[in-house]
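I have placed the structure first, in the form of structure tokens, so that the comments after it can refer back to it.
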Amino acid sequence: MMNAEEARQLSKEKIEELAQELERGQSETLRAYLAAMAKMPRYSLNNLLLIAAQRPDARQVAGFTTWKRLGRFVKKGEHGIAILAPVIRRRRLDAVAVNAERERLTAQDSDETVVGFRGAFVFDVSQTEGAPVAEFACVNGDPSVFTDRLKAHVTDQGIELSYSERIAPARGITAGTQIVLLPGLSAGEEFSTLVHEAAHAALHRNNGREQPSKTVRETEAEAVAYVVSQAIGLETNSASADYVQLWGGDAKTLTASLERIQRTASEIIAAIGPDV
């Protein structure tokens, strides 16, 4: 049974192996990790690395109790996939402070704090049997309703969306809180381009922090577009992107990029479709 420290070590080793591959100009493993993000967007980068290392063919994972709640049951004899689960501690309030504290907390606040991590186990859907599970419908080139949901999500973020021929040959541009798309794009191109530009708006705001290079910014946004497009079953040319460009000679920098990609893609996927 893998403990928390062994899990941390394994995820560290996988990042280092990925860094070495990118340094050699090979990005196939990174593309596989991006595909895993599309299938399991709610999991952190470290846990995605752990899942992919132990079960490369995993496509939808959850804990024993979650599968049971969904009407599915782990098959006898199946071995769990080790991940790191947060250890939560609830803040204790004295009786006098309780009411004031409740009034202070907003819907975004929490009286829970992560104090560490422990080893836990999840199971892939292929290791279970029972009721069907909800998944994105495979769209194979036409994002259909997902484009409207994506536009609504962009608007909810306070971003103005418009169309203009004047940005050609660019398919899309982002400037502050405005996204401009080239009119006349195919349905698939419009969706993936809007995800790309929405990723820029979320990832690369001018908030005073040092920004990665333009090459890395573009590659991060394209990676988010690839992950989200994969999640809804959309076939786009994002798969041909040169993700080697995320490698900047530093494993820590690579990890930061991948964490940004995972977080942003996860937020968009959660906003436009069912829980996957």
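Looking at the square roots a ≥ b ≥ c of the eigenvalues of the Cα gyration tensor of segment 1-58, which shape do they give, rounded for a/c under 1.5, prolate if a/b is larger than b/c, or oblate? Can you show the working numbers first?
On the way: a/c = 2.18, a/b = 1.21, b/c = 1.80.
Oblate shape, in that a/c is at least 1.5 and b/c is the bigger or equal ratio.
Between THR113 and ALA134, how high is the FRET efficiency from 1/(1 + (r/R0)^6) when r is the Cβ-Cβ distance and R₀ = 35 Å? Nearest 0.05. Let's see the in-between values first.
Working: r = 31 Å, r/R0 = 0.90.
Once rounded, the FRET efficiency stands at 0.65.
Remark on TYR163: its backbone amide H falls under 5 Å from those of LEU181, a criterion applied only to residues 5 or more positions apart or on other chains, H modelled at 1.01 Å from N.
Summary of packing: across the peptides 34-43, 68-77, the per-residue average of other C-beta atoms within 10 Å ranks them, highest first, as 34-43, 68-77. Local charge for ILE167 was computed over the other residues whose Cβ lies under 15 Å away, with Lys and Arg +1 and Asp and Glu -1, and equals -3. Rounded to the nearest 0.05, what FRET efficiency is calculated for LYS76 and ASN3 with R0 set to 30 Å and r the Cβ-Cβ distance? E between LYS76 and ASN3, to the nearest 0.05, is 0.75.
If R0 is 25 Å, what FRET efficiency do you get for ASP148 and ALA175 from their C-beta distance, rounded to 0.05? So, using R0 = 25 Å, E works out to roughly 0.60. Residues whose amide H lies under 5 Å from that of THR128, counting only those 5 or more places away or on a different chain, are LYS75; hydrogens are built 1.01 Å from N in the peptide plane.
Only loop residues by DSSP count here, and only those with at most 15 other Cβ atoms within 10 Å; note down the GluC sites (Glu not before Pro) in segment 7-98 that meet that. Spell out each step's value before the answer.
Details: sites: GLU13, GLU16, GLU17, GLU21, GLU23, GLU28, GLU78; in loops: GLU78.
Counting only loop positions with at most 15 other Cβ atoms within 10 Å, the GluC sites (Glu not before Pro) in segment 7-98 are GLU78.
The loop-placed trypsin sites (Lys or Arg not before Pro) in segment 174-225, going by DSSP, that have at most 13 neighbouring Cβ atoms within 10 Å of their Cβ come out as ARG205, ARG209. Taking GluC sites (Glu not before Pro) across segment 151-235, the ones in a DSSP loop with at most 15 further Cβ atoms lying within 10 angstrom of their Cβ are GLU210, GLU235.
The H on the amide N of PHE121, modeled in the peptide plane, is under 5 Å from the matching H of ILE83, each at least 5 residues off or on a different chain.
A short reminder: the numbers here are calculations on the coordinates, not readings from a lab. Bear in mind the structure is a predicted one, so any value in this text is a computation, not a measurement. Glycine also receives a Cβ, built like all others from the backbone with ideal geometry; neighbour counts cover every protein chain displayed.
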